[in-house]
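What follows is a short report on a single structure.
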Ligand code: UDP
(Lines give C-alpha, C1' and ligand atoms only; values in the text may rest on other atoms or scores of the structure.)
Protein backbone atom coordinates (compact mmCIF):
# COMPACT_ATOMS: atom_id res chain seq x y z
CA UNK A 1 0.00 0.00 0.00
CA UNK A 2 1.23 3.42 -0.89
CA UNK A 3 1.48 5.72 2.12
CA UNK A 4 2.80 9.23 1.50
CA UNK A 5 3.96 11.32 4.48
CA UNK A 6 3.52 15.02 3.71
CA UNK A 7 5.36 17.72 5.67
CA UNK A 8 4.05 21.27 5.51
CA UNK A 9 5.80 24.54 6.31
CA UNK A 10 3.27 26.23 8.59
CA UNK A 11 4.04 29.92 7.80
CA UNK A 12 2.98 32.38 5.10
CA UNK A 13 0.95 30.91 2.25
CA UNK A 14 2.77 27.55 2.14
CA UNK A 15 0.53 24.93 3.76
CA UNK A 16 -2.72 25.64 1.89
CA UNK A 17 -1.27 25.23 -1.64
CA UNK A 18 0.54 22.07 -0.50
CA UNK A 19 -2.73 20.66 0.78
CA UNK A 20 -4.40 21.51 -2.54
CA UNK A 21 -1.64 19.60 -4.34
CA UNK A 22 -2.18 16.64 -1.99
CA UNK A 23 -5.94 16.82 -2.58
CA UNK A 24 -5.43 16.44 -6.32
CA UNK A 25 -2.90 13.63 -5.84
CA UNK A 26 -5.36 11.88 -3.51
CA UNK A 27 -8.00 11.88 -6.25
CA UNK A 28 -5.57 10.54 -8.85
CA UNK A 29 -4.29 7.83 -6.49
CA UNK A 30 -7.42 6.75 -4.57
CA UNK A 31 -5.79 3.58 -3.24
CA UNK A 32 -2.96 5.52 -1.64
CA UNK A 33 -3.15 7.21 1.75
CA UNK A 34 -1.66 10.57 2.60
CA UNK A 35 -0.67 11.68 6.13
CA UNK A 36 -0.39 15.47 6.26
CA UNK A 37 1.79 16.82 9.11
CA UNK A 38 1.42 20.47 10.06
CA UNK A 39 1.11 22.58 13.21
CA UNK A 40 -2.30 22.75 14.91
CA UNK A 41 -2.54 26.50 14.20
CA UNK A 42 -1.83 26.13 10.51
CA UNK A 43 -4.08 23.06 10.15
CA UNK A 44 -6.90 25.03 11.77
CA UNK A 45 -6.43 27.98 9.41
CA UNK A 46 -6.53 25.81 6.28
CA UNK A 47 -9.27 23.53 7.64
CA UNK A 48 -12.15 25.45 6.00
CA UNK A 49 -10.63 24.55 2.63
CA UNK A 50 -10.17 20.97 3.79
CA UNK A 51 -13.58 20.12 5.15
CA UNK A 52 -15.28 21.30 1.99
CA UNK A 53 -13.01 19.13 -0.14
CA UNK A 54 -14.45 15.70 -0.83
CA UNK A 55 -11.11 14.72 -2.34
CA UNK A 56 -9.57 14.41 1.07
CA UNK A 57 -11.14 11.03 1.91
CA UNK A 58 -7.73 9.35 1.79
CA UNK A 59 -5.90 12.23 3.50
CA UNK A 60 -5.40 12.40 7.28
CA UNK A 61 -4.33 15.61 8.94
CA UNK A 62 -2.00 15.41 11.95
CA UNK A 63 -0.93 18.20 14.29
CA UNK A 64 2.77 18.50 15.07
CA UNK A 65 4.30 20.59 17.84
CA UNK A 66 5.24 24.12 16.72
CA UNK A 67 8.49 24.07 18.70
CA UNK A 68 7.46 26.94 21.03
CA UNK A 69 8.24 25.88 24.63
CA UNK A 70 5.51 26.52 27.17
CA UNK A 71 5.68 30.01 28.65
CA UNK A 72 8.26 31.05 26.03
CA UNK A 73 8.75 34.83 25.79
CA UNK A 74 9.40 36.05 22.24
CA UNK A 75 12.14 38.64 21.97
CA UNK A 76 13.36 38.82 18.35
CA UNK A 77 10.01 39.60 16.79
CA UNK A 78 7.45 36.96 16.02
CA UNK A 79 7.59 35.67 12.45
CA UNK A 80 11.31 34.94 12.23
CA UNK A 81 11.53 33.56 15.77
CA UNK A 82 8.49 31.33 15.30
CA UNK A 83 10.01 29.95 12.10
CA UNK A 84 13.34 29.31 13.78
CA UNK A 85 11.74 27.50 16.74
CA UNK A 86 9.73 25.31 14.37
CA UNK A 87 12.76 24.45 12.27
CA UNK A 88 14.86 23.70 15.35
CA UNK A 89 12.23 21.23 16.59
CA UNK A 90 11.45 19.83 13.15
CA UNK A 91 13.73 16.82 12.74
CA UNK A 92 12.77 15.02 15.98
CA UNK A 93 9.29 16.39 15.99
CA UNK A 94 8.37 15.23 12.53
CA UNK A 95 9.91 11.79 13.01
CA UNK A 96 7.92 11.30 16.22
CA UNK A 97 4.68 12.50 14.64
CA UNK A 98 5.18 10.17 11.68
CA UNK A 99 5.99 7.15 13.88
CA UNK A 100 3.03 7.88 16.17
CA UNK A 101 0.70 8.22 13.18
CA UNK A 102 1.78 4.87 11.72
CA UNK A 103 1.59 3.15 15.14
CA UNK A 104 -1.93 4.50 15.60
CA UNK A 105 -3.02 3.01 12.29
CA UNK A 106 -2.51 6.11 10.12
CA UNK A 107 -1.93 5.36 6.43
CA UNK A 108 -4.02 2.23 7.16
CA UNK A 109 -1.11 1.14 9.37
CA UNK A 110 1.23 0.96 6.38
CA UNK A 111 4.84 2.05 6.58
CA UNK A 112 5.62 5.29 4.79
CA UNK A 113 6.53 4.58 1.15
CA UNK A 114 7.28 8.16 0.06
CA UNK A 115 7.96 11.55 1.65
CA UNK A 116 6.57 14.71 0.06
CA UNK A 117 7.50 17.94 1.76
CA UNK A 118 7.66 21.68 1.44
CA UNK A 119 11.28 22.36 0.48
CA UNK A 120 11.59 24.68 3.50
CA UNK A 121 11.23 21.61 5.73
CA UNK A 122 14.44 20.08 4.52
CA UNK A 123 14.58 17.59 7.42
CA UNK A 124 11.88 15.73 5.46
CA UNK A 125 14.73 14.72 3.13
CA UNK A 126 16.66 13.19 6.03
CA UNK A 127 13.59 11.23 7.11
CA UNK A 128 13.14 9.90 3.58
CA UNK A 129 16.78 8.81 3.50
CA UNK A 130 16.48 7.06 6.87
CA UNK A 131 13.41 5.22 5.59
CA UNK A 132 14.99 4.48 2.20
CA UNK A 133 12.03 5.95 0.31
CA UNK A 134 11.78 8.65 -2.39
CA UNK A 135 11.75 12.29 -1.33
CA UNK A 136 9.74 14.76 -3.36
CA UNK A 137 10.53 18.35 -2.47
CA UNK A 138 7.92 21.01 -3.26
CA UNK A 139 9.30 24.49 -3.99
CA UNK A 140 6.42 26.94 -3.57
CA UNK A 141 8.22 30.09 -4.79
CA UNK A 142 9.77 31.11 -8.10
CA UNK A 143 12.55 29.15 -9.76
CA UNK A 144 14.95 32.11 -9.63
CA UNK A 145 14.67 32.42 -5.84
CA UNK A 146 15.75 28.78 -5.50
CA UNK A 147 18.72 29.62 -7.74
CA UNK A 148 19.62 32.57 -5.49
CA UNK A 149 19.59 30.27 -2.45
CA UNK A 150 21.64 27.68 -4.28
CA UNK A 151 24.32 30.23 -5.21
CA UNK A 152 24.29 32.08 -1.88
CA UNK A 153 27.89 31.26 -1.04
CA UNK A 154 29.14 32.42 -4.43
CA UNK A 155 27.10 35.63 -4.25
CA UNK A 156 28.42 36.37 -0.75
CA UNK A 157 32.00 35.75 -1.87
CA UNK A 158 31.74 38.29 -4.68
CA UNK A 159 29.50 40.93 -3.05
CA UNK A 160 30.50 40.57 0.61
CA UNK A 161 28.10 40.68 3.51
CA UNK A 162 29.18 43.88 5.24
CA UNK A 163 26.38 46.46 5.01
CA UNK A 164 28.74 48.97 3.33
CA UNK A 165 29.70 46.43 0.61
CA UNK A 166 26.10 45.57 -0.09
CA UNK A 167 25.09 49.24 -0.19
CA UNK A 168 27.91 50.11 -2.59
CA UNK A 169 26.94 47.30 -4.97
CA UNK A 170 23.17 47.43 -4.58
CA UNK A 171 22.49 48.41 -8.21
CA UNK A 172 24.95 45.92 -9.72
CA UNK A 173 23.44 43.08 -11.69
CA UNK A 174 24.20 39.48 -10.84
CA UNK A 175 25.13 38.54 -14.40
CA UNK A 176 28.86 38.41 -13.63
CA UNK A 177 28.27 36.05 -10.74
CA UNK A 178 25.54 33.79 -12.13
CA UNK A 179 24.60 34.50 -15.75
CA UNK A 180 21.25 32.75 -15.26
CA UNK A 181 20.34 35.44 -12.72
CA UNK A 182 21.34 38.34 -14.99
CA UNK A 183 18.04 40.29 -14.77
CA UNK A 184 18.39 40.69 -11.00
CA UNK A 185 20.35 43.30 -9.07
CA UNK A 186 21.99 42.93 -5.68
CA UNK A 187 19.16 44.96 -4.15
CA UNK A 188 16.57 42.51 -5.49
CA UNK A 189 18.03 39.68 -3.41
CA UNK A 190 15.96 38.60 -0.43
CA UNK A 191 17.10 39.20 3.11
CA UNK A 192 19.40 36.43 4.28
CA UNK A 193 21.50 36.18 1.09
CA UNK A 194 23.85 39.15 1.64
CA UNK A 195 21.97 41.01 4.40
CA UNK A 196 21.02 39.67 7.84
CA UNK A 197 22.88 36.49 7.03
CA UNK A 198 23.02 35.09 10.57
CA UNK A 199 20.40 32.84 12.10
CA UNK A 200 18.80 29.47 11.59
CA UNK A 201 16.46 30.55 8.78
CA UNK A 202 19.06 31.92 6.31
CA UNK A 203 21.30 28.93 7.07
CA UNK A 204 18.40 26.54 6.54
CA UNK A 205 17.51 28.11 3.18
CA UNK A 206 21.04 27.79 1.89
CA UNK A 207 21.34 24.18 3.09
CA UNK A 208 17.90 23.40 1.71
CA UNK A 209 18.90 24.46 -1.80
CA UNK A 210 21.97 22.22 -1.65
CA UNK A 211 20.17 19.33 0.02
CA UNK A 212 17.37 19.34 -2.56
CA UNK A 213 19.92 17.90 -5.01
CA UNK A 214 19.33 14.62 -3.18
CA UNK A 215 15.57 14.82 -3.78
CA UNK A 216 14.10 12.28 -6.20
CA UNK A 217 12.17 15.16 -7.75
CA UNK A 218 11.55 18.85 -7.12
CA UNK A 219 8.02 20.06 -7.80
CA UNK A 220 7.40 23.71 -8.78
CA UNK A 221 4.32 25.90 -8.72
CA UNK A 222 5.05 27.34 -12.15
CA UNK A 223 4.52 26.39 -15.78
CA UNK A 224 6.77 25.78 -18.76
CA UNK A 225 7.06 28.96 -20.77
CA UNK A 226 7.16 31.34 -17.81
CA UNK A 227 10.59 30.73 -16.31
CA UNK A 228 12.34 28.73 -19.05
CA UNK A 229 15.86 30.16 -18.66
CA UNK A 230 15.87 29.59 -14.93
CA UNK A 231 14.37 26.13 -15.29
CA UNK A 232 17.02 25.19 -17.85
CA UNK A 233 19.70 26.17 -15.39
CA UNK A 234 18.02 24.33 -12.50
CA UNK A 235 17.93 21.19 -14.65
CA UNK A 236 21.73 21.18 -14.54
CA UNK A 237 21.57 21.10 -10.72
CA UNK A 238 18.60 18.95 -9.68
CA UNK A 239 17.60 15.39 -10.67
CA UNK A 240 14.11 15.82 -11.90
CA UNK A 241 12.03 19.01 -12.13
CA UNK A 242 8.28 18.79 -12.32
CA UNK A 243 6.41 22.03 -13.09
CA UNK A 244 2.76 21.54 -12.13
CA UNK A 245 1.43 25.11 -11.94
CA UNK A 246 -0.11 27.52 -11.80
CA UNK A 247 -1.69 25.87 -8.76
CA UNK A 248 -4.60 28.34 -8.92
CA UNK A 249 -5.60 26.91 -12.33
CA UNK A 250 -4.57 23.32 -11.90
CA UNK A 251 -5.47 22.29 -8.36
CA UNK A 252 -8.87 22.10 -6.70
CA UNK A 253 -9.37 25.70 -5.58
CA UNK A 254 -9.05 26.21 -1.83
CA UNK A 255 -12.50 27.35 -0.72
CA UNK A 256 -12.79 30.84 -2.21
CA UNK A 257 -14.49 32.49 0.72
CA UNK A 258 -16.37 35.63 -0.31
CA UNK A 259 -18.02 36.78 2.92
CA UNK A 260 -18.04 40.42 1.77
CA UNK A 261 -19.67 39.88 -1.60
CA UNK A 262 -16.67 41.07 -3.64
CA UNK A 263 -17.53 39.09 -6.76
CA UNK A 264 -21.10 40.32 -6.79
CA UNK A 265 -19.79 43.88 -6.36
CA UNK A 266 -17.34 43.33 -9.24
CA UNK A 267 -20.09 41.93 -11.48
CA UNK A 268 -22.15 45.05 -10.82
CA UNK A 269 -19.14 47.32 -11.44
CA UNK A 270 -18.42 45.48 -14.70
CA UNK A 271 -21.81 46.48 -16.05
CA UNK A 272 -20.94 50.16 -15.60
CA UNK A 273 -17.32 50.36 -16.75
CA UNK A 274 -15.11 49.14 -19.60
CA UNK A 275 -13.35 45.75 -19.17
CA UNK A 276 -9.99 45.71 -17.39
CA UNK A 277 -10.56 49.03 -15.63
CA UNK A 278 -11.04 48.06 -11.97
CA UNK A 279 -8.08 48.04 -9.56
CA UNK A 280 -7.60 45.19 -7.08
CA UNK A 281 -5.30 45.72 -4.08
CA UNK A 282 -3.90 43.10 -1.70
CA UNK A 283 -0.67 42.58 0.18
CA UNK A 284 -1.18 38.90 0.87
CA UNK A 285 -2.47 36.87 3.74
CA UNK A 286 -0.56 38.52 6.60
CA UNK A 287 1.37 41.63 5.47
CA UNK A 288 0.33 45.28 5.44
CA UNK A 289 1.78 48.38 3.80
CA UNK A 290 3.69 50.79 6.04
CA UNK A 291 1.12 53.34 7.36
CA UNK A 292 2.28 56.38 5.30
CA UNK A 293 1.94 54.30 2.13
CA UNK A 294 -1.58 53.23 3.07
CA UNK A 295 -2.52 56.89 2.99
CA UNK A 296 -0.57 57.49 -0.26
CA UNK A 297 -2.27 54.55 -1.98
CA UNK A 298 -5.71 55.65 -0.76
CA UNK A 299 -5.13 59.16 -2.12
CA UNK A 300 -3.92 57.74 -5.46
CA UNK A 301 -6.98 55.47 -5.77
CA UNK A 302 -9.29 58.34 -4.93
CA UNK A 303 -7.61 60.69 -7.44
CA UNK A 304 -7.60 58.06 -10.19
CA UNK A 305 -11.39 57.96 -10.34
CA UNK A 306 -11.14 54.18 -10.95
CA UNK A 307 -13.30 51.60 -9.23
CA UNK A 308 -11.34 49.40 -6.86
CA UNK A 309 -11.49 46.56 -4.35
CA UNK A 310 -8.93 46.69 -1.54
CA UNK A 311 -8.31 43.64 0.64
CA UNK A 312 -7.02 45.24 3.82
CA UNK A 313 -6.53 43.89 7.34
CA UNK A 314 -8.96 45.58 9.74
CA UNK A 315 -6.04 46.84 11.85
CA UNK A 316 -4.71 48.90 8.91
CA UNK A 317 -7.96 50.85 8.37
CA UNK A 318 -6.93 53.47 10.92
CA UNK A 319 -4.23 54.60 8.48
CA UNK A 320 -6.75 55.53 5.77
CA UNK A 321 -7.19 59.30 5.28
CA UNK A 322 -10.16 60.84 7.10
CA UNK A 323 -13.36 60.52 5.10
CA UNK A 324 -11.78 58.24 2.45
CA UNK A 325 -14.33 55.45 2.88
CA UNK A 326 -17.29 57.86 2.64
CA UNK A 327 -15.90 59.74 -0.36
CA UNK A 328 -15.20 56.54 -2.32
CA UNK A 329 -18.37 54.75 -1.31
CA UNK A 330 -19.99 53.11 -4.34
CA UNK A 331 -16.86 53.03 -6.44
CA UNK A 332 -14.51 51.46 -3.89
CA UNK A 333 -14.88 48.41 -1.67
CA UNK A 334 -12.53 47.91 1.27
CA UNK A 335 -12.76 44.44 2.84
CA UNK A 336 -10.60 42.30 5.16
CA UNK A 337 -10.60 39.36 2.70
CA UNK A 338 -11.43 38.88 -0.98
CA UNK A 339 -11.55 35.72 -3.15
CA UNK A 340 -8.38 36.85 -4.86
CA UNK A 341 -7.83 34.26 -7.59
CA UNK A 342 -11.41 34.78 -8.79
CA UNK A 343 -11.08 38.58 -8.58
CA UNK A 344 -7.99 38.42 -10.77
CA UNK A 345 -9.72 36.09 -13.25
CA UNK A 346 -12.62 38.57 -13.64
CA UNK A 347 -12.75 40.49 -16.92
CA UNK A 348 -13.36 43.78 -15.08
CA UNK A 349 -10.04 43.66 -13.19
CA UNK A 350 -7.35 45.71 -14.93
CA UNK A 351 -4.56 46.24 -12.40
CA UNK A 352 -3.32 44.43 -9.30
CA UNK A 353 -1.49 46.41 -6.63
CA UNK A 354 0.49 43.64 -4.94
CA UNK A 355 3.34 42.76 -2.57
CA UNK A 356 4.37 40.13 -5.17
CA UNK A 357 4.07 37.02 -3.01
CA UNK A 358 4.56 34.13 -5.41
CA UNK A 359 0.96 32.89 -5.21
CA UNK A 360 -0.29 36.40 -5.93
CA UNK A 361 2.02 36.83 -8.92
CA UNK A 362 0.92 33.52 -10.44
CA UNK A 363 -2.77 34.26 -9.83
CA UNK A 364 -2.31 37.59 -11.63
CA UNK A 365 -0.54 35.86 -14.51
CA UNK A 366 -3.32 33.26 -14.65
CA UNK A 367 -5.84 36.12 -14.89
CA UNK A 368 -3.83 38.10 -17.47
CA UNK A 369 -3.74 41.14 -15.14
CA UNK A 370 -0.75 43.57 -15.09
CA UNK A 371 0.72 44.36 -11.67
CA UNK A 372 1.77 47.40 -9.68
CA UNK A 373 4.53 46.01 -7.50
CA UNK A 374 5.26 47.05 -3.94
CA UNK A 375 7.34 44.18 -2.51
CA UNK A 376 7.78 44.15 1.26
CA UNK A 377 10.22 41.34 2.12
CA UNK A 378 11.57 37.81 1.50
CA UNK A 379 11.37 36.67 -2.14
CA UNK A 380 8.91 39.43 -3.10
CA UNK A 381 11.71 41.73 -4.29
CA UNK A 382 12.97 39.16 -6.80
CA UNK A 383 9.43 38.34 -7.90
CA UNK A 384 8.72 42.04 -8.48
CA UNK A 385 11.85 42.40 -10.59
CA UNK A 386 10.78 39.44 -12.74
CA UNK A 387 7.31 40.97 -13.19
CA UNK A 388 8.69 44.36 -14.29
CA UNK A 389 11.87 43.41 -16.14
CA UNK A 390 11.67 39.78 -17.29
CA UNK A 391 8.01 39.38 -18.29
CA UNK A 392 7.32 43.16 -18.48
CA UNK A 393 3.81 42.75 -17.16
CA UNK A 394 4.01 45.29 -14.39
CA UNK A 395 5.53 48.41 -12.99
CA UNK A 396 7.39 49.09 -9.73
CA UNK A 397 5.71 51.55 -7.35
CA UNK A 398 9.06 53.08 -6.38
CA UNK A 399 8.79 55.48 -3.46
CA UNK A 400 5.05 54.88 -3.17
CA UNK A 401 4.30 56.50 -6.58
CA UNK A 402 0.97 54.68 -6.81
CA UNK A 403 -0.89 57.44 -8.72
CA UNK A 404 1.55 57.40 -11.64
CA UNK A 405 1.47 53.60 -11.75
CA UNK A 406 -2.34 53.42 -11.71
CA UNK A 407 -2.72 55.78 -14.64
CA UNK A 408 0.07 54.04 -16.56
CA UNK A 409 -1.45 50.57 -16.12
CA UNK A 410 -5.15 51.42 -16.35
CA UNK A 411 -5.07 54.19 -18.97
CA UNK A 412 -1.68 54.35 -20.70
CA UNK A 413 -0.38 52.76 -23.91
CA UNK A 414 2.33 51.03 -21.87
CA UNK A 415 -0.41 49.48 -19.72
CA UNK A 416 -2.06 48.08 -22.86
CA UNK A 417 1.22 46.49 -23.91
CA UNK A 418 1.64 44.98 -20.45
CA UNK A 419 -1.88 43.58 -20.58
CA UNK A 420 -1.22 42.07 -24.02
CA UNK A 421 1.87 40.29 -22.68
CA UNK A 422 0.03 39.21 -19.50
CA UNK A 423 -2.83 37.75 -21.56
CA UNK A 424 -0.33 35.84 -23.73
CA UNK A 425 1.16 34.31 -20.56
CA UNK A 426 -2.32 33.48 -19.32
CA UNK A 427 -2.94 31.53 -22.55
CA UNK A 428 0.35 29.65 -22.12
CA UNK A 429 -0.62 28.85 -18.52
CA UNK A 430 -4.00 27.54 -19.66
CA UNK A 431 -2.38 25.31 -22.26
CA UNK A 432 0.05 23.97 -19.64
CA UNK A 433 -2.75 22.81 -17.35
CA UNK A 434 -4.96 21.57 -20.19
CA UNK A 435 -5.09 18.02 -21.59
CA UNK A 436 -1.61 17.03 -22.77
CA UNK A 437 -0.11 20.27 -21.42
CA UNK A 438 3.26 20.26 -19.63
CA UNK A 439 1.83 20.72 -16.10
CA UNK A 440 -0.71 17.93 -16.68
CA UNK A 441 1.97 15.58 -17.97
CA UNK A 442 4.30 16.41 -15.08
CA UNK A 443 1.51 15.83 -12.62
CA UNK A 444 1.01 12.36 -14.18
CA UNK A 445 4.74 11.71 -13.69
CA UNK A 446 4.43 12.77 -10.06
CA UNK A 447 1.52 10.40 -9.44
CA UNK A 448 3.55 7.60 -11.00
CA UNK A 449 6.57 8.41 -8.85
CA UNK A 450 4.51 8.40 -5.64
CA UNK A 451 2.70 5.22 -6.57
CA UNK A 452 5.70 3.13 -7.54
CA UNK A 453 7.37 0.94 -4.93
CA UNK A 454 10.61 2.68 -5.72
CA UNK A 455 13.52 1.94 -3.38
CA UNK A 456 16.73 3.89 -2.90
N1 LIG B 1 -5.52 35.86 -0.54
C2 LIG B 1 -6.88 35.87 -0.80
N3 LIG B 1 -7.62 36.93 -0.37
C4 LIG B 1 -7.08 38.00 0.28
C5 LIG B 1 -5.68 38.00 0.53
C6 LIG B 1 -4.93 36.92 0.09
O7 LIG B 1 -7.44 34.92 -1.39
O8 LIG B 1 -7.83 38.90 0.61
C9 LIG B 1 -4.73 34.69 -0.99
C10 LIG B 1 -4.16 34.91 -2.37
O11 LIG B 1 -5.08 34.52 -3.36
C12 LIG B 1 -2.91 34.05 -2.36
C13 LIG B 1 -2.50 34.05 -0.90
O14 LIG B 1 -3.62 34.51 -0.14
O15 LIG B 1 -3.22 32.73 -2.78
C16 LIG B 1 -1.33 34.97 -0.65
O17 LIG B 1 -0.21 34.28 -1.05
P18 LIG B 1 1.14 35.00 -1.46
O19 LIG B 1 2.15 33.95 -1.75
O20 LIG B 1 0.88 35.94 -2.55
O21 LIG B 1 1.52 35.88 -0.21
P22 LIG B 1 1.74 35.58 1.35
O23 LIG B 1 0.41 35.51 1.97
O24 LIG B 1 2.51 34.28 1.48
O25 LIG B 1 2.53 36.78 1.78
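The values are calculated or read from the model by the stated rules, or taken from the named source; none is laboratory data. Every value quoted in this text rests on a predicted model; they were computed, and no experiment measured them. Neighbour counts run over all protein chains shown; Cβ positions are idealised from the backbone, glycine included.
In the set 21, 56, only one residue is more than 20 Å from residue 204 (Cα to Cα), within 25 Å of the chain's Cα centre (by Cα), crowded, with 19+ Cβ neighbours inside 10 Å and at pLDDT 90 or above; that residue is 21. Just to be sure, is residue 419 in contact with a helix residue (DSSP H, G or I) (Cβ under 9 Å, 6 or more places away or on another chain), in contact (Cβ under 8 Å) with a residue 12 or more places away in the chain and on the phi < 0 side of the Ramachandran plot? Taking the combined requirement at face value, the residue satisfies it. Residues considered: 104, 128, 148. Of these, the only one that is surrounded by 23 or more Cβ atoms within 10 Å (Cβ to Cβ), farther than 14 Å from residue 219 by Cα and out of contact with any helix residue (DSSP H, G or I) (no Cβ under 8 Å at 6 or more places or on another chain) is 128. Annotation note: of 138, 133, the sole residue that is closer than 20 Å to residue 13 by Cα and touching a residue at least 40 places away in the same chain (Cβ under 8 Å) is 138.
Of all residues in segment 275-287, those that are over 21 Å from residue 264 (Cα atoms) and in contact (Cβ under 8 Å) with a residue 40 or more places away in the chain have Cβ atoms under 9 Å from Cβ atoms of residues that are more than 10 Å from the ligand (Cβ to nearest atom) and part of a strand (DSSP E or B), 6 or more apart or on another chain, in 283/353. Scanning segment 253-302 for residues that are modelled with pLDDT under 95, under 25 Å from residue 416 (Cβ atoms) and in contact with a helix residue (DSSP H, G or I) (Cβ under 8 Å, 6 or more places away or on another chain) yields 276, 277. For segment 389-405, the candidate set comprises residues that are in a loop (DSSP other than H, G, I, E, B) and surrounded by fewer than 21 Cβ atoms within 10 Å (Cβ to Cβ); within that set, the residue that is modelled with the lowest pLDDT is 401. What are the pairs with Cβ atoms under 8 angstrom where one residue, in segment 234-252, is free of Cβ contacts under 8 Å to residues at least 12 places away in the same chain and the other, located anywhere, is in a helix (DSSP H, G or I) and away from the ligand (no atom under 14 Å from the Cβ)? Sequence gap at least six, or different chains. That search, which allows pairs on different chains as well, returns nothing.
Going through 68, 50 one at a time, which residue ends up being in a helix (DSSP H, G or I), at pLDDT below 95 and more than 15 Å from the ligand (Cβ to nearest atom)?
Answer to the check: 50.
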